[in-house]
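Notes follow once the structure below has been shown.
Only the coordinates and a few stated rules stand behind these numbers; no lab work does. Source: prediction; values computed, not measured. Counting neighbours? That spans all protein chains shown, and the Cβs are built from the backbone with ideal geometry, glycine included.
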Amino acid sequence: MGNTSSMLTQYDIEEVQQHCNKAFSQQEIVSLYERFCQLDRNGGGFVSAEEFLSVPEFAVNPLSLRLLRMVDGLNFKEFVAFLSAFSPRATLLQKIEFIFKVYDSDGNGKVTFNDMLDVLHDLTGQFISENQRKQVLTQVLGEAGYTKESLLVLSDFVKILGSSGFKMEVEVPVD
Amino acid sequence: MSSNQGKLKPSSSELDLDRPNIEDYLPSGASIQEPHGKLRLSDLLDISPILTEAAGAIVDDSFTRCFKSNSPEPWNWNVYLFPLWCFGVVFRYLILFPARAIVLTIGWIIFLSCFIPVHFLLKGNDALRKKLERVLVELICSFFVASWTGVVKYHGPRPSMRPKQVFVANHTSMIDFIILEQMTAFAVIMQKHPGWVGLLQSTILESVGCIWFNRSEAKDREIVAKKLREHSQGADNNPLLIFPEGTCVNNQYSVMFKKGAFELGCTVCPVAIKYNKIFVDAFWNSRKQSFTMHLLQLMTSWAVVCDVWYLEPQNLRPGETAIEFAERVRDIISVRAGLRKVPWDGYLKYSRPSPKHRERKQQSFAESVLRRLEEK
């Protein structure tokens, strides 16, 4: 786009910053806005699924369709809030919450065996059979103290993932 | 360039076989160290590396960067700079532009009044006619370059014109062709365009020898490959100029070269072109402007300044595949013109990446899961 003059006012930037709980600095928000405008080619004020998928690096990601459901049609403020889980300033809880939302596709706060199976399917494609997937999942669930019928909630995810110490950060390029 | 409206479609599988493994180039998010140890629930649920890669691509990606126009920084923010800038605008639009338009019109008049007679009257005498037409095409290209006040500096010994030789160059705009054509009458391979450009293509460029392709037709590639081969073998055809990127890139990056030009059994002469962006951004962003608007923009800028380097001719080395040859030449050109290489196929502007890449990631994850399941 090459649109160097940001059309955001200081007031807009502060509003966005508030909305994402200060996960990004003001400069990062300006950069994200440039990026948003670059992706939003038809200028509709939101980035459509087609526009996201035109980024080849995103389109080859196994979880791209799942993420598209979460990010399709968001306006800029919501877009920044969506990305806030990837900020180095985000807490571990926020990151785990994001992962939970990726699994919980119907948004009812509970992750079922099938939800986990679906994500595993996205991740492994045709390289593991459906039965094998079910087997693997049942086995590791059992070892962690859950069953096929268990409904996992956020606190379960916190318990399971809390100790892994994972890193889930992206760097926003600032000129 | 056809406008990029409408849905992207998955790329035909033919296009995939061209590309080396892009995984070697892609930043793999959280440098995926092979996890070890018994498979636990946390390992299955922890999708953070893949999510990080996806978010990284949303925030910034090397493909989009290739097609970003570089508008020059505005410098007229000041009490005395602003009037200077206004004066500059007035000068450019009201004095330079009309003068250039006149020069270009004169050029066309001269050209057409020579070309049309030569073309029709010398129909019998082919050798002479071709020679004259070649000179005339070089002439009209010089007029074009003059109409943008083009300052083109040519470097390097120009390879002597021999048969079995093709020229390849990086591609920023259709003016690349005009700039090179004013020095040597090349035959060129281009996408057939609509409008006045298409008219020029079918009449005048036919005389120097042109090959048309159509990006959207899958079978087209084989036909074009055949035509390329025939042309390059012909002894008195003009040397072919090929832009292996297949699309216009913004002169800061280079996308993957298509192997078509490198498997003709000919010597490949690389040409590197670099525009000086202080004067004008010569990148033709076909998604944003038509070619006419692009030309008008050039004609109302101060100048088009660029460097052209003719580099040492290269041959296929023993044991080298066409793709490796293409990459090697791309390297030579990118280093000379200061371009950063990205592992993407330019045609991804018009189609989606093949599922092969996603499948590779899926396969490696699946294998790691199954392997760790066995461990105790």
Using a Cα-Cα cut-off of under 17 Å, which aspartates and glutamates could be cross-linked to B:Lys288, ignoring same-chain neighbours fewer than 8 residues away?
A:Glu34, A:Asp40, A:Glu51
Note: the stretch B:248-342 at 20 °C, 1.002 mPa s; Kirkwood Rh on alpha carbon pairs; Stokes-Einstein D in µm²/s works out to 144 µm²/s
Spatial separation of Cα centroids for the stretch B:214-252 and the stretch A:130-146, in angstrom:
54 Å
Highest mean first, how do B:313-322, A:36-45, B:265-274 rank when packing is the count of other Cβ atoms within 10 Å averaged over residues?
B:265-274, A:36-45, B:313-322
Would you mind telling me the antiparallel percentage of the DSSP bridges in the stretch B:148-349, rounded to 5?
20 percent
Between 0 and 90 degrees, rounded to the nearest ten: what's the tilt of helix A:10-19 against the longest Cα principal axis of chain A?
10 degrees
For chain A, what does the helix formula give at 222 nm: sum of -39500 (n - 2.57) over DSSP H segments with n ≥ 4, over the residue count, nearest 500 deg cm²/dmol?
-15500 deg cm²/dmol
Of all DSSP beta bridges having both residues in chain B, the percent classed as antiparallel (nearest 5) is 20 percent
Just how far, in whole angstrom, is the stretch B:69-110 from the stretch A:36-56 if you go by their alpha carbon centroids?
33 Å
Relative to the first principal axis of the alpha-carbon coordinates of chain A, what is the inclination of helix A:26-39, with its axis defined by its Cα atoms, in degrees from 0 to 90 and to the nearest 10?
80 degrees
First select every other residue whose beta carbon is under 11 angstrom from the beta carbon of A:Gly145; then total the charges, Lys and Arg +1, Asp and Glu -1.
-1
Theoretical ellipticity at 222 nm over chain B - DSSP helices of four or more residues, -39500 (n - 2.57) apiece, nearest 500
-13500 deg cm²/dmol
Using a ≥ b ≥ c from the Cα gyration tensor of the stretch B:148-349 (square roots of the eigenvalues), is it rounded, prolate or oblate, where a/c under 1.5 gives rounded and otherwise the larger of a/b and b/c decides, a/b for prolate?
rounded
Could you give the size of the charge dipole of chain B about its Cα centre, using +1 on the Cβ of each K and R and -1 on the Cβ of each D and E, expressed in debye and rounded to the nearest 20?
480 debye
Rounded to the nearest 10 degrees, what's the angle between the helix B:97-121 long axis and the longest principal axis of chain B, both from Cα atoms, 0 to 90?
80 degrees
State the Cα centre-to-centre distance between the stretch B:154-188 and the stretch A:76-111 in whole Å.
53 Å
Report the local net charge at B:Gly156: Lys and Arg +1, Asp and Glu -1, summed over other residues whose C-beta lies under 14 Å from its C-beta.
+2
Of A:Lys167/B:Lys38; A:Lys95/B:Lys38; B:Lys38/B:Lys341; B:Lys258/B:Lys356; B:Lys123/B:Lys274, which ones are farther than 30 Å apart at the Cα?
B:Lys38/B:Lys341; B:Lys123/B:Lys274
Residues with beta-carbon under 15 Å from that of B:Glu73, excluding B:Glu73: net charge, scoring Lys, Arg +1 and Asp, Glu -1?
-1
Which listed residue (A:Gly45, A:Ala81, A:Val55) has the Cα farthest towards the positive end of the charge dipole for the stretch A:40-89, taking +1 on Lys and Arg C-beta and -1 on Asp and Glu C-beta about the Cα centre?
A:Ala81
Charges at C-beta only: +1 for Lys and Arg, -1 for Asp and Glu. How large is the resulting dipole of chain A about its Cα centre, in Debye rounded to 20?
460 debye
For the stretch B:148-349, with +1 on Lys and Arg beta carbons and -1 on Asp and Glu, the positive-most of B:Ser301, B:Gln191, B:Val151 along the dipole:
B:Ser301
Could you identify which residue out of B:Asn237, B:Asn78, B:Asn125 has the top mean-square fluctuation in a GNM of chain B using Cα springs shorter than 10 Å?
B:Asn78
If I build a Gaussian network model for chain B, linking alpha-carbon pairs within less than 10 angstrom, which residue out of B:Thr149, B:Thr203, B:Thr172 has the largest mean-square fluctuation?
B:Thr203
Pick out, in residue order, every one of the trypsin sites (Lys or Arg not before Pro) in the stretch B:168-231 that is DSSP loop and has at most 15 other C-beta atoms within 10 Å; say none if there are none.
B:Lys192, B:Lys219
Please get the size of the charge dipole for the protein assembly as shown, origin at its Cα centre, with Cβ charges of +1 on Lys and Arg and -1 on Asp and Glu, quoted in debye to the nearest 20.
1480 debye
